Structure formats: C-alpha cells, structure tokens
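First the structure, in the form of structure tokens, and then the observations on it.
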Amino acid sequence: MSVVITTHKNMDLDALGAVIAVKKLYPEAVVVLPGTRGKDVVKVLEENPGLLDYVDETGFDGTIEKLVVVDTPDIERIPEVLGKRVKKDGIPVVIYDHHAREASGFANVELHFKDTGAVTSLLTMMLKAKRIIPSPLEASIMALGIYSDTGSFLFPGTSSLDHIAAGYLFSIGANPEIIKHYLPKEFSPEEIDILKILKDNVEIVEINGNRIALTTVQFDRYVGDIAHLVSKLLDINNYPALVAIAGVEGTVFVIGRSKTPLVDVSKLAENLGGGGHAEAASAVIRDKTVYEVKEKVIEVLKDIVYPAKVAGDIMSSPAQTVKDTMTVKECLSFLMKQGINAAPVLDEKGMLVGVVNRSLTDKAYYMGMENEPVSTVMEREFSSVFPDTPVSEIEEIIVSNQQTLVPVIDGGRVVGVITRTDILTNLYRDEIDESERFYMRRSASTHFKNVKQMLRERLPESVYGLLKTAGEVAVEEGVNAYVIGGFVRDLIIGRKNLDVDIVVEGDATKLAKAFARKTGGKVHVFDRFKTATVTLPDGFKMDFASARTEVYRAPGALPEVDTAPLKKDLFRRDFTINTLAVKLNGREFGKLIDFFNGLKDIKEKKIRVLHALSFVEDPTRILRALRFAVRYRFDIGKHTEKLLRIAVQKNLFKTVEGKRVYLELKHIFEEENPLRIVNRMEGYGILKAFSSRFVWNKKKRDFFERIRKIINWHRLTFSRSRVNYSSLYFAAFFENLPVEEIDRLLGDFSVPSDEAGLIKSLIYRGKQLTVKLERKKFTNSELFELLRREKDEMILYVAAKTTDDELKHRLLRYLKEWRNLKLAITGDDLKEMGLTPGPVFSELLTELKHRVLDGMVENEYDALEEEVKRIVKEKNLEVV
C-alpha cells in the first residue's frame, strides 16, 4: 500500500518530531513535507541530512492509497497537492493531532486525538506501547518538538503526558545538548530590531470589553520566523492577548498569542485559514495587504472574543438590604445575622438612598446612638453601577474611592452588590480555575476535561437530561440554578449518588413548577421554606430550594432561615467538601463553583468545617464528620479535630434535639462499616456523652463485625428485601445497658415507637432466643416452627449474636431455603389420592414439610406420595 505522511504548512518543530515518530509507525511510507517550514525546522533538517528521507510537496507525483497527517485536523492546512488528491479520490486519512476532536474537510478519516501540549507526546507513547524504539538522534528531535510546543513545559496547555513522554525519550537516549542547540537562545541584533519594530507599532483595541494588543508591520525583505518574538513581546508587556500582522514579500503572516480564555486565538487563525492552540496560533494570507488583513482580523475578533466580565457576572445577588427606618441596633443585628459587613440602604419605596457598614454601626452603637434610624449614620456619597458596567471600572471605584460595597442598579432597583471579595475572586479566577483543573486531571480519568463531561459520562442519560432541562428552564425563568452538595461531592470522588438537590438564586418554587410542567412531573411545594419536590413520571425525585442562610440563636438550636445569595447558602453547609456547586444555566452548564476550597480538601482527603462555631451551631455535625471520614477514608483536619474535641468536652450533645442525634446514628448504622465509626466515636469520648454507662469493649466490637457480615450476606442473597438493618446495630449498641437506661435513651432520642419496640424486642427476645437455641439442638423442623413467626431482623440478630457457627448456618439456611420451602405435592394432589379436603390437609402438608426438613423424605412427588400413604396408614385417615 502506498502510504504518504505529511503535516501542516509553516511546519514547526512539534510537527517535525511527530513526522519522525509516525514514520516509525509506517516505515514504508513516503514523507511529503510542505514547502513552508519554520527556520528552526530548516536548520534541523540541513544540519542532520540523514535524519529523515522526505520529498518536497512541489516534487511529489506518486500514488496515494492512505494519507497520514500529523499536527493538524484541517485539510486546508496540509500541502495543496495532497489536499486536492484527497478530496478528488476520497483517499482514507489517518490523523494524529492535539488541537481539535473533530477533523475539518476530510471525508474518510480516522482521528487519533489527545489533549496534550505537543502531538509528538501522543506518538511517543504509541511507539512505547508498540515497543518501537527511535534512534538517539530521532529521540532528541522528538523531545525537541515537545520542548518547543510546550514552551519548555511552561505553556498552560502542557499536560502530564508531555512530561512522561519527554522522560521516556531521555531514557532511550535523547541528548539534552541537541535540544539546547536548537531551542531559541538570546536574540540576535536583527531579532532585537524586529522586536522593537513590533513593539513600536502596537495599538490597543477594545473588543467586547477586552483590551487586545495589535501590531501591524510591513517588512521589505524576508525576516524568517518571528513567532517567538511575538511570544516575547506578549510576556514583556504582559498583554492579555496579542495579534501580530506582518507583511513580507506579498504574504501576510498573522500570529496570535493569548493568556486569557476570553481570547482563543486558534479560532482567529481558523477563520483566516490557519490553526493552532487557544494560546498560540497562526495563519498565512496571500494577495492581501496588511491593512486589509488587519480589518479582517478585527472583524473576526469581534465574533470570537468572549465578552469581558461585567458587574452582572460577579455580583452577589439577591442583595441583602436594610431599610432607612431601621434603628442602628436593628441594623447591626441584621448585619451580624447575615454575616455581612455592609449593605445598601433603601427608602420606603425601595429606592437606594445610602450604604451602611459595620464600622459605622459599631461606632454609632458605642456612642449611644443604637436607637437612632440608620439613615443618620449611613454613607450618602457613594458610587453605584449597572449590570453591564465593566469590572475594570468597579475595581477603580473600590480601590480609588475606598468603597467597601458597590450596589448594582437595574431599573432603579438594587439587584446585587459587589464587594472587595468579589473583585479579588474575579482577579484570581484564572489561578483558581487552574488549581481546579489540576485537581480534575489528578482525580478523574484523563478524558474528563470538565465537570460537564463528567456529568455526561458518570450520570445516567436520563438524569443528565433532567439537569440540562432544569438549566434551560432556569434561563427561561431568569434565575440561576445549581446542583449542589453531596451529589457534586460524590460526582467528583466517583461514587454513585443520584440524590439531586437544586439550589436557586430566586424563587425555587416557581422554578420547580415550571420544570414540572415541562417534564410532566408532579410538584409538591413548601411555600414557608421556599422549597419544592418534583416527582417525575418514572418516580425519580428532584428537590428544589431557594438559596438561603441560617442563623443559630443558641448552641444546638434549630436555625432561623432567610433568603441569600448562593455563597451564603453554601457557607451554612457542614463541611467544605459539601460546598461544591455546578451551575446548570445554558452556556454555563457544568461550571464548577468552589468558594471554600472543597476541591482542594477532596484532593487532600480532609474533612474541614467552614468556621470555628460549626460544631457549636450543630453538634450532630460531629457524627457526620466521623461518618464521612470513614466512608471516604478521609482524615479530619487538625483545626477541625480540635474544635470537635472541644465540642465533646463541653457536652454540646445535650443541647441538641434528641431526634436529630437518633437520625445521625441511624445514618451511621446504615453505612457499610459502622464499626469503624463507632470506634472513632469511642476514641473521642462521644459514647460517654450519650450515657456514662456505655461500655465499648472487644465483645461489642466483635458483635458489630458479625452483624456487618450477616447483613452483607443478606443483602447479596435477598437484594429486594426490606429489612431494617440499622435496628440490628441499635440493639447491639444499647445491649447490656440497664433497662431503665435503654428506655431513657430511646426516649431522649425520640426513636419512633415501632422502631423502639423492634430494638427492645431484639435486645430482650433476641437474648432469650439465643440462649434457648444454644442450650438444645433442635431438629430442622423444630427450628422451623420456632422461627416461622419471627421477623427477619430477629433471625439475623440471633445469627450474629450466637458464636455457635453451626447454629448460625442453620438460621441462615432457614432464611434462604426452609422458610419458603414449596412441596412437590399440593392439596389438589391429595384430593386425587382420595383424601377428603379439610383441616387434615394442612396437618398432612405440615407433617410432610417437617419430614422433608428433617431429611426423612426427598422433596419429590413420587417420594412424597408414598410418604402420604404411610402417614394415612399411621394416622388411620379415611380415604374416599
């Protein structure tokens, strides 16, 4: 087969490295290189004539049965002579690329894509997998390609695979001196002159709120590759993005470099017939002047550059506001309750009249003005902005005017506020996003590029579709919707969790109703709490809640609830790992929001509270901390552990409603291994906080372990059985306590009466039954009669309680085989045998079952028929 290998026009070092690598995969192929090559590529080929056998595109006229393309997925970027042949003859094409997941212009194509900094890295690992070893020179030039396209591993698109590939190449003989020789060094005098020309012609243009540097130059002679000079100019002046338009001898080169995700220069290059990465791309245009190309560049930029952020993108909404008639004391209480330092002040018509902050209210309170209206101390001279005000202007207001809070006004009403924290978060968003991407690469499979992809791949298609629909409805209703909490936590960790909780910045009940209409679901609304549950036609449920904040008036008390922005809602959560949220709205679907470093704590496997009073507000969080720590094999953070110990020492469990403690214990006993959790509870002294009479010893621990094994067996054997497994652990937990202490704990914990009855039955009846069964060896039929009226929980409890392995085996055999034993003979068969129907039938069938259980007869029709005849004769029964 005539195989041809090629790459893109303006061939760079990564393309050269990839061509060398792919030639090792197709050793009989002909290499056809484009006529335009970077000067560094030309230098490598000239100085190493034996490196690669190739044909220039102008000299190729051979046959092509398969075309192999590296470093571009675009047919317009390969040599024209090959592109025309492919289009005309429908030649099959194999592509190895790291730019795009889809090919452009090719019909019959097989695409191998990997999101790496260099395509040579992908091909290096393919060679390694096939045990094909390049020569030391080939390995050196391949490593050179990786170094070049990753900026010596400093470019943002660099992946772990690039490092691994380079390391492998060095292990098989790549020479660092060769790489050093060909990588760009100090600039020559000519390059410095060119750099100055580029710099002197820079102009800043504002496109969609973004400041982009453009430099337009015309050279009267060929000056070689200037891409590295454009990169240097970008770094020297720290531009967010730079586009160089350079005319040379009738050809215009467009070279784009970008540091911001808002400007993807690969899209600019693609629109001009070129290609590349989001951070670095280029295109070549002929028969146009530099000024014509400049106009085209600006036109394209207007289409492809994302709008810069404005006030509406970063504001906290809805805004927490105070009325101008509120007293200073009331205002101070409100600010403390909401956990905020400043708020807009509104008059009776809801119009903005001022801004008040904690500093002003604290001073006024100290001066005895606590009963004065807040309007007497509020700031009246302040700046406000509109939702479309650029963030840069807001930064100026906060920095220059020393204004702690900037109200956002729309239609004369306050729709949000922007604080210094919002500005700082926006300024360092790139760094925050990069840390999140780093974690995502480490924690998830390499093909998960973002949370949207993770949602698509880890969720059932139906659930993913429901989240998409919820986001669409949120856009229609003009609110922001997020899926939050444990659902997101377990999504990141990789654990199945389909408990969907959606938080809405706005009216959740309204969104739930609209969602139910669109999906054909039924909605149950709780107006008082601004929450709703939608039940879909297939029974799947989704919970909706308005974003809210909680204030605890005393340790352990139930919270007071009020509406709040998302960040406030997440701040009331128990641990940082539960504060993750994923936005569902339209274009932002899948955007991960992490205000409190939840991703970092998942990565570091830490359980951390959000603030020092977390366990004081809700001591049951102590039990949840231990439960999550054991479930996920996480550690409790040092500061969190110290706060936990203090809360236990202060016996804060006595401040909590008993039912909440019971529910947390029930959750613990529903975990895979409650023993580990209770061991830790004992270690922290929590058991003694419940009762000074609690004894946690080896006997109890062994009992818990036997219960775990029995439950696991039962779950596997009876997957659809509805058994209250937690009741077994509760009974073991309370066993050996005095009767009055058990009654007190069941009462204090407000255990429902039916479950309390079951627990006590397991403790007392279970003990009696165990003793009875261990003292005497009953026949199978006797054991059957003893057990047939007992609940499954009782039989499982006794099976776990006994240390007699034979008895345990017989109890489990009863559940699995004996209880539902069906005889091979029925009442109809007895009638056919001439027996008169009546109570005797039941006696006969019971007797037969006993004899089968005791091994006296096989459960087969013929054997049972003969056994019936014997019984009839023994008992002198009448046969008609």
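The values are calculated or read from the model by the stated rules, or taken from the named source; none is laboratory data. Note that the coordinates shown come from a computational prediction; the quantities given were computed from them, not determined experimentally. Here the Cβ is made from the backbone with ideal geometry for all residues, glycine too, and neighbour counts use every protein chain on show. Only protein heavy atoms, including side chains, enter the accessible area calculation; ligands, DNA and RNA are left aside. Shrake-Rupley method; radii C 1.70, N 1.55, O 1.52, S 1.80 Å.
Pairs are defined by a Cβ separation below 7 Å, a sequence spacing of at least 6 or placement on different chains, a first member in region 563-586 that is on the phi < 0 side of the Ramachandran plot and open to solvent by less than 10 Å² (accessible area, probe 1.4 Å), and a second member that is in a strand (DSSP E or B) and among the small types (Gly, Ala, Ser); the pairs so defined are Leu566/Ala581; Leu570/Ala581; Leu584/Ala481. Of all residues in region 629-648, those that are more than 12 Å from Val609 (Cβ to Cβ) have Cβ atoms under 9 Å from Cβ atoms of residues that are open to solvent by 60 Å² or more (accessible area, probe 1.4 Å) and acidic (Asp, Glu), 6 or more apart or on another chain, in Ala629/Asp635; Val630/Glu672; Arg631/Glu672; Phe634/Glu604; Asp635/Glu604.
Here is the figure for region 474-496: residues that are without any contact (Cβ under 8 Å) to a residue 60 or more places away in the chain, in a loop (DSSP other than H, G, I, E, B) and open to solvent by less than 30 Å² (accessible area, probe 1.4 Å) total 1.
Among the residues of region 840-848, is any open to solvent by 60 Å² or more (accessible area, probe 1.4 Å), over 30 Å from Ser719 (Cβ atoms) and of a type in the set (Phe, Trp, Tyr)? Taking every residue of region 840-848 in turn, none turns out to be open to solvent by 60 Å² or more (accessible area, probe 1.4 Å), over 30 Å from Ser719 (Cβ atoms) and of a type in the set (Phe, Trp, Tyr).
Among the residues of region 658-668, some residue qualifies, meaning at least one is of a type in the set (Phe, Trp, Tyr) and over 24 Å from Tyr482 (Cα atoms).
So that you can scan it fast, the table gives a plain yes or no per residue for (1) open to solvent by 20 Å² or more (accessible area, probe 1.4 Å); (2) at pLDDT below 90:
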position	(1), (2)
Ala246	no, no
Val265	no, no
Gly276	no, yes
Ile285	yes, no
Thr289	yes, no
Glu292	yes, no
Glu295	yes, no
Ala311	no, yes
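Right, Lys822: part of a loop (DSSP other than H, G, I, E, B) and exposed (fewer than 12 other Cβ atoms within 10 Å of the Cβ) or not? Yes; evaluated as a whole, the condition is true for this residue. Look at (1) open to solvent by less than 50 Å² (accessible area, probe 1.4 Å); (2) without any contact (Cβ under 8 Å) to a residue 12 or more places away in the chain and you find that Leu51 fails only one, number (2).
Can you tell me which of Phe694, Phe690, Phe730 is surrounded by 13 or more Cβ atoms within 10 Å (Cβ to Cβ) and at pLDDT 95 or above?
Phe730 is the lone residue from the list that is surrounded by 13 or more Cβ atoms within 10 Å (Cβ to Cβ) and at pLDDT 95 or above.
Filtering region 796-819 to residues that are more than 24 Å from Ala732 (Cα to Cα) and open to solvent by less than 30 Å² (accessible area, probe 1.4 Å) leaves only Trp818. The set of residues in region 377-388 that are assigned to a loop (DSSP other than H, G, I, E, B) and either in contact with a strand residue (DSSP E or B) (Cβ under 6 Å, 6 or more places away or on another chain) or open to solvent by 80 Å² or more (accessible area, probe 1.4 Å) (or both) comprises Met378, Arg380, Glu381, Phe382, Ser384, Phe386, Pro387, Asp388. The set of residues in region 299-337 being in a helix (DSSP H, G or I), within 31 Å of the chain's Cα centre (by Cα) and among the small types (Gly, Ala, Ser) consists of Ala311, Gly312.
Kindly provide the set of residues from region 335-376 that are among the polar types (S, T, N, Q) and open to solvent by less than 50 Å² (accessible area, probe 1.4 Å), ordered by number. If the condition is that a residue be among the polar types (S, T, N, Q) and open to solvent by less than 50 Å² (accessible area, probe 1.4 Å), then Gln338, Asn357, Thr361, Ser375 are the ones that fit. Take Arg775 and decide whether it is open to solvent by 80 Å² or more (accessible area, probe 1.4 Å), at negative phi and without any contact (Cβ under 8 Å) to a residue 12 or more places away in the chain. Against the criterion (open to solvent by 80 Å² or more (accessible area, probe 1.4 Å), at negative phi and without any contact (Cβ under 8 Å) to a residue 12 or more places away in the chain), Arg775 qualifies.
Limited to region 99-126, what total is found for residues that are among the polar types (S, T, N, Q), more than 30 Å from the chain's Cα centre (by Cα) and open to solvent by less than 50 Å² (accessible area, probe 1.4 Å)?
Within region 99-126, the subset among the polar types (S, T, N, Q) is 104, 108, 116, 120-121, 124.
Narrowing the set further to residues that are more than 30 Å from the chain's Cα centre (by Cα) leaves 104, 108, 120, 124.
Add one more test, that the residue is open to solvent by less than 50 Å² (accessible area, probe 1.4 Å), and what stays is 120, 124.
Qualifying residue count for the region: 2.
Residues in region 512-550 that are assigned to a helix (DSSP H, G or I), in contact (Cβ under 8 Å) with a residue 40 or more places away in the chain and surrounded by 16 or more Cβ atoms within 10 Å (Cβ to Cβ): Ala514, Phe515, Thr519. Could you check Gly83 against (1) in contact with a helix residue (DSSP H, G or I) (Cβ under 6 Å, 6 or more places away or on another chain); (2) open to solvent by 50 Å² or more (accessible area, probe 1.4 Å); (3) not acidic (Asp, Glu) and say which number it fails? Here Gly83 clears every test but (2). Within region 155-175, residues that are in contact (Cβ under 8 Å) with a residue 24 or more places away in the chain and among the β-branched types (Val, Ile, Thr) sit with their Cβ atoms under 9 Å from residues that are buried (at least 16 other Cβ atoms within 10 Å of the Cβ) and outside any helix (DSSP H, G or I), at 6+ positions apart or across chains, in these pairs: Thr158/Thr116; Thr158/Gly117; Thr158/Ala118; Thr158/Thr150; Thr158/Gly151; Ile172/Pro134. Scanning region 849-880 for residues that are surrounded by 12 or more Cβ atoms within 10 Å (Cβ to Cβ) and β-branched (Val, Ile, Thr), we see that the one that is farthest from Phe778 (Cα to Cα) is Val872.
Screening Asp225 with (1) open to solvent by 40 Å² or more (accessible area, probe 1.4 Å); (2) at pLDDT 85 or above gives one miss only, at (2). Applying a threshold of 8 Å to beta carbon distances and a minimum spacing of six or more residues, or different chains, the list of pairs starting in region 386-400 at a residue that is under 10 Å from Ile418 (Cβ atoms) and ending at one that is among the acidic types (Asp, Glu) reads Val391/Asp313. Taken over region 261-287, the criterion of being out of contact with any strand residue (DSSP E or B) (no Cβ under 6 Å at 6 or more places or on another chain) and part of a loop (DSSP other than H, G, I, E, B) is satisfied by Pro261, Asp264, His277, Ala278, Asp287. Looking across region 725-779, the residues that are under 22 Å from Lys688 (Cβ atoms) and of a type in the set (D, E, K, R) come down to Glu735, Glu740, Glu741, Asp743, Arg744, Asp748. Within region 1-30, being assigned to a strand (DSSP E or B), open to solvent by less than 10 Å² (accessible area, probe 1.4 Å) and among the β-branched types (Val, Ile, Thr) holds for Val4, Ile5, Thr6, Thr7. The condition of being loosely packed, with under 12 Cβ neighbours inside 10 Å and either over 13 Å from Pro674 (Cβ atoms) or in contact with a Gly (Cβ under 9 Å, 6 or more places away or on another chain) (or both) does not hold for Ser750.
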